[in-house]
Every structure is written in C-alpha cells, then in structure tokens.
Amino acid sequence: MTDEPSNGTALPASLALVPDGSLQEVADAAVAGLRAGHPAADLIVGLSLQAPHTLRPHLERLWDLAPNSPTYSACWPWRGADDNEIDRLAARLHAAPAESDRAWRCLLETRMARGWSIAVAAIGGVVPAGDYADACLNLVGIERRAGGIRRLVTEPTCHIEFPQGFLVPPGRGGGRGAMPDPSWYPGSGVAGAGRFGGEVDARCAVCGGPLHRLLAFDQAPANVPGGLQVVTCLSCLGWSQQVLYFAHHGTSVRPAGPALTRQRPEFPAEALPETPVRIRPSSPRWRRQDWAYSNGEENLHRVGGEPTWIQSAEFPACPACHRTMRFLLQLDSLEIEGGPWWLWGSGGILYSFWCDGCSLSATLWQCT
Ligand SMILES: [Zn+2]
Ligand SMILES: [Zn+2]
C-alpha cells in the first residue's frame, strides 16, 4: 500500500459525501498529494466541479503541476480564479506562444466578465478566430456577438426531482452503493413544479404520431416561460431528425422549423409514463456537473444553468431569427421503475433550447 495517498486524500467517488466545511482540507491534501506524486488528479476534477474556490490558493502550483493535461478538464481549476489570477493569466496569454492557448482557456473557465473580455479580445490575435475559438466559448456557455459577449445559459440552475419510486434508484447495480448521490436531494427550496411524460394534443411533422411531453411547467422558474410545455417526438428525434423545433403559444405547441419529409420511424416509441415533478434550486456543489465524472450516479436532470454535454457544445440556431438558442433544460437517460429504460441513443442526454424572441423550442440528444 506504499503508493496509496498517506495524507488523508479521499477517493474521488466519495468526494460527494465530504461536508462543505472539510472541502478546503481535501483540496489542500489533494494538491500536496499531487506534488508528492500521488494519483490525485481525479480529485482535482471533482473539486473543480463541486468547490472550485478551494483550489484558488493552489492555482500557481496547479499551473506547474498541470494535472489532467491534456484532457478537457485540464483548465477547470481556474473556475476558482480571482482577479489576481486573471492578471497572471492575462500576462501568460501574451508571454510565450506555448502557453497562450492554455492561458486563454483558463481565462474562459474563470467565468468572470473580466476574464472573458480578455479572452475574447485575444481572438484574431494570439488565438485564431474560427470554429475552435467559437466551440471553446460555447463550452462555457457564451458566444461572441458584435459588440460583446452573449450568454447562452440562464439562471437559476435547478434540478428536477422525480417522486420516490418513479425512477430505479441509481447505484443499485454497484457504483457508490446503497447511498444515492447527494445531487438527487437538491434541498427543500422550490423553484417550480410540472408534469413529466405523456402525450400532448399535437402531431409530429415527421411521423404524424402524437408529440410526447417531456416537461410541462405548471409553475415555472424565473428563466422558463410560464406554462411552457417542452415536447419532442421520441420516435423521430435523433433518428429521422437530429433536431426538432416547436412553436409555442402559452401551453399550446406545434411543430416548427424547416419543412420535413414524412417518414416512418425506425423505432416507434410510446409516451413516457406521466408523473408530477418538482423543480428545486441546485445546491452550489451541483451547479456544474460532468457526464463522465458523474459515472451514472448523479442526478443530471436539470433546468437552466450550464448543460452537461456528452459531446461538444451544440446550441442550435433558431430556425426563424437565426440567433443561437439558449439552453433550457436537459433530461438524462431514464431508468423508470416497471420500464421503460429510455436511453437517448445509448446512455445519452436530451437537451432543450429556447428562443425568447420567437417563442420557439428545439430538442436534440447526444450520446457516446
Ligand atoms: Zn415523429
Ligand atoms: Zn428566434
């Protein structure tokens, strides 16, 4: 056991169970462990997600240690950056070409207006303008517009709470075991309420079957239009069509977007079982989640905040006004008690988007 951390470093999977008051101690131990050559890189990912502020005192050290480099989480510790760290990153951005891309991505990760301004001003200079730069901006939930930065995500960040017994409890097949991840218990606050599942009184433009309700907001959080019913066609989405668009007027909904050719679905689907749900404000620990890190254990059914992408960020353009649509909600794969397992392809996530100006929604899913 000589290569095990000897400094009390928790295993990454149990970080979720560490109380808030002990997270700084875990962060200090994780960085000390890294310096001593212990395998604590996963813990840095977990802390970057759940408590980035605990890494703030260690950012200079983490720059040198570069844990998780060259993976997509390498720059996540800079989510905990402060103004002084932004100054350091700004200097690094222009100091050495070999460091400029990393400093630029760290500036984006700060999610601070000043960090973003410096990063966006560097596009076309030390960072080439183009698809790469735009994709990196989208990953932190923004896009470049003439005259500034436009946010593609809105607050509050909430979790969807299904009634006990509706979903098969996570971890039944192993994983973190008998205790479900704390993200399934977002707390007692209520941001909204709605109905999941069932059919709506409108038909799919592709297969002609009834559209399927994903979530009807009877009580909407501040960043969701009142009365909105988020729908899709479970038979056609992701198979016949990558993205389906819908026009909304109050609680009514109909297909929208480009004219679609009628097609018989390859995998005809029934509506998902109906259930009431609550929309709970997310606790700070679960405002940002990562699909791979969640390992099938966390509650990834979310409304508002930042999407949990499985692939690259994919914000569709509104088919009416062509502006990028904002993220509205996501539904993880669903293992419903008594069936069905609804997997969005294979262990995928469904994402829904909204154009405020046109009252249009879009749905698409990603999987591995
Ligand atoms: Zn259809
Ligand atoms: Zn629009």
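Could you tell me which of the residues Ala133, Ala122 is open to solvent by less than 60 Å² (accessible area, probe 1.4 Å), out of contact with any strand residue (DSSP E or B) (no Cβ under 7 Å at 6 or more places or on another chain) and either not assigned by TED's automatic domain parsing to the domain that holds Pro52 or not hydrophobic (A, V, I, L, M, F, W, C) (or both)?
Numbers: Ala133 fails: out of contact with any strand residue (DSSP E or B) (no Cβ under 7 Å at 6 or more places or on another chain).
Every option except Ala122 fails the conditions.
Residue check: is Arg195 out of contact with any helix residue (DSSP H, G or I) (no Cβ under 9 Å at 6 or more places or on another chain), crowded, with 20+ Cβ neighbours inside 10 Å, assigned by TED's automatic domain parsing to the domain that holds Glu306 and among the basic types (Lys, Arg)?
Judged against the criteria, Arg195 is not a match.
Does segment 205-223 contain at least one residue that is assigned to a loop (DSSP other than H, G, I, E, B), within 16 Å of ligand 1 (Cβ to nearest atom) and without any contact (Cβ under 8 Å) to a residue 40 or more places away in the chain?
Checking segment 205-223: not a single residue is assigned to a loop (DSSP other than H, G, I, E, B), within 16 Å of ligand 1 (Cβ to nearest atom) and without any contact (Cβ under 8 Å) to a residue 40 or more places away in the chain.
In segment 271-298, what count of residues is obtained for those that are within 24 Å of Glu337 (Cα to Cα), at pLDDT 95 or above and of a type outside the set (Lys, Arg)?
9
Take Thr368 and tell me if it is β-branched (Val, Ile, Thr), within 16 Å of ligand 1 (Cβ to nearest atom) and touching a Ser or Thr at 6+ places or on another chain (Cβ under 7 Å).
no
Restricting the search to segment 227-238, which residues are assigned to a loop (DSSP other than H, G, I, E, B) and within 9 Å of ligand 1 (Cβ to nearest atom)?
Result: Cys233, Leu234, Ser235, Cys236.
Exactly one condition in (1) open to solvent by 10 Å² or more (accessible area, probe 1.4 Å); (2) within 16 Å of ligand 2 (Cβ to nearest atom) is not met by Thr261; state its number.
All conditions are met except number (2).
Kindly indicate the residue of segment 225-246 that is within 16 Å of ligand 2 (Cβ to nearest atom) and closer than 21 Å to Gly198 by Cβ and also surrounded by the fewest Cβ atoms within 10 Å (Cβ to Cβ) among those meeting that condition. Even if it seems obvious, please write down each step before you answer.
Going residue by residue through segment 225-246, those that are within 16 Å of ligand 2 (Cβ to nearest atom) are 225, 228, 243-246.
Now drop any that are not closer than 21 Å to Gly198 by Cβ, which leaves 225, 228, 244-246.
Numbers: Pro225: 14, Leu228: 22, Leu244: 24, Tyr245: 24, Phe246: 24.
Residue satisfying both the conditions and the ranking: Pro225.
Out of segment 313-333, which residues are crowded, with 22+ Cβ neighbours inside 10 Å and part of a strand (DSSP E or B)?
Residues satisfying the conditions are Phe327, Leu328, Leu329, Gln330, Leu331, Asp332.
The values are calculated or read from the model by the stated rules, or taken from the named source; none is laboratory data. Being a predicted model, the structure only gives us computed values, none of them experimental. With ideal geometry, Cβ positions are generated from the backbone for all residues, glycine too; neighbour counts draw on all protein chains shown. Just the protein is used for accessible areas: all its heavy atoms, side chains included, with ligands, DNA and RNA removed. Shrake-Rupley method; radii C 1.70, N 1.55, O 1.52, S 1.80 Å.
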